[in-house]
Amino acid sequence: MVNVIVKKNIKKTYGRQYNTKTSNSVKNKKRNSYTYNDNKIKKTKYKKKKYRKKTSKAKILFFIIFLSVILLIVFSVFRNIDNEYKESNQINQKNMTKEEFIKNIEEISISEYRRSGILPSITISQAIIESNWGQSKLTQKANNLFGIKYSNNWRGGYVIFSTGENYNDVINAKFRKYNSWEESIEDHTNFLLNNKRYKNAGIFKSKDYKVQAQALEDGGYATTKNVKGEKIYAEKLIDAIEKYKLYEIDKKVVGRSFFDR
């Protein structure tokens, strides 16, 4: 009887142990299964996230390329339009009469007089002589109306041209390049204002075109000489002013009373 009870107890205990082991095994399997599924889900999410990043980068790259192509096309179109305008403008400048040339730069010359005191007649007469009425190669190619040379403080472009010095000397030199005649005239004003030798020569002290013309010669603007080696730059400016009555433009800004004295 005792043996039977002991055996039953052993069986029960063993059964409980077996059931416990089985339960733990099942739990471990479930836990491992959950862990595996979690890892799988995480990997899937990571792959999706990585794919989305790649897709997003690809979209951004495509957008940048697309935008660059559009900008390049727009730039090319505007450049062609600008070139056509410049070519058309150059054709008009080549066919310009002397009266049209004067009229074309009169307003900006008056504007620059108000800024500096350089008479419009002086600005226009210099443009006539230095650019040959806008027909010189330097003017046609670089919009340089005054033959102003390149210098180290100049931030714009330049061209190289042959130029006459004194009576019959010819040298190659760098000249400033401008986008327009207006820009050339504005820089002409700056050139005279920033070079003390013209101030010292008295160009800003008088409203008389003859005095200003002589001051330009004395300040060394040009080295133009005749066969005898005499300086004739002021004389050429005065001749142009009087021949084409450019002093009439001066009267618009200085006042007629000054000329009637």
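Where a number appears in this text, it was derived from the coordinates with a stated rule and is not lab data. This structure is a prediction, so every number in the text was calculated from the model and none was measured. Every residue, glycine among them, receives a Cβ derived from its backbone with ideal geometry; neighbour counts consider all protein chains shown.
Assorted remarks:
- Exceeding the 26 Å Cα-Cα cut-off - candidates Lys196/Lys245; Lys210/Lys252; Lys199/Lys231; Lys141/Lys196: Lys196/Lys245; Lys141/Lys196
- Most tightly packed first, judged by the mean number of other beta-carbon atoms within 10 Å of their residues, the peptides 234-243, 123-132 read 123-132, 234-243.
- For the stretch 96-259, averaging the sequence separation of C-alpha pairs within contact (under 8 Å, six or more residues apart) and dividing by the residue count gives a relative contact order of 23 percent.
- Sequentially through the stretch 60-72, phi angles give Karplus couplings (6.51, -1.76, 1.60; θ = phi - 60°) of 4, 4, 4, 5, 4, 4, 4, 5, 4, 5, 4, 4, 5 Hz, Gly and Pro residues having no value and appearing as x.
- Over all pairs of different C-alpha atoms in the stretch 177-229, the reciprocal of the mean inverse distance, the Kirkwood hydrodynamic radius, equals 12.3 Å.
- Amide H partners (placed H, <5 Å) of Tyr158, local residues excluded: Lys177
- The modelled label-to-label distance for the pair Ser151/Arg115, using points 7 Å beyond Cα in the direction of Cβ, is 1.6 nm.
- The HN-Hα couplings worked out from phi for the stretch 202-216 by the Karplus form 6.51 cos²θ - 1.76 cosθ + 1.60 (θ = phi - 60°) are x, 5, 9, 8, 10, 10, 9, 4, 5, 5, 5, 4, 5, 5, 5 Hz, whole numbers, x standing for Gly and Pro.
- Taking N as its residue count, the alpha carbon Rg of the stretch 96-259 over 2.2 N^0.38 Å: 0.99
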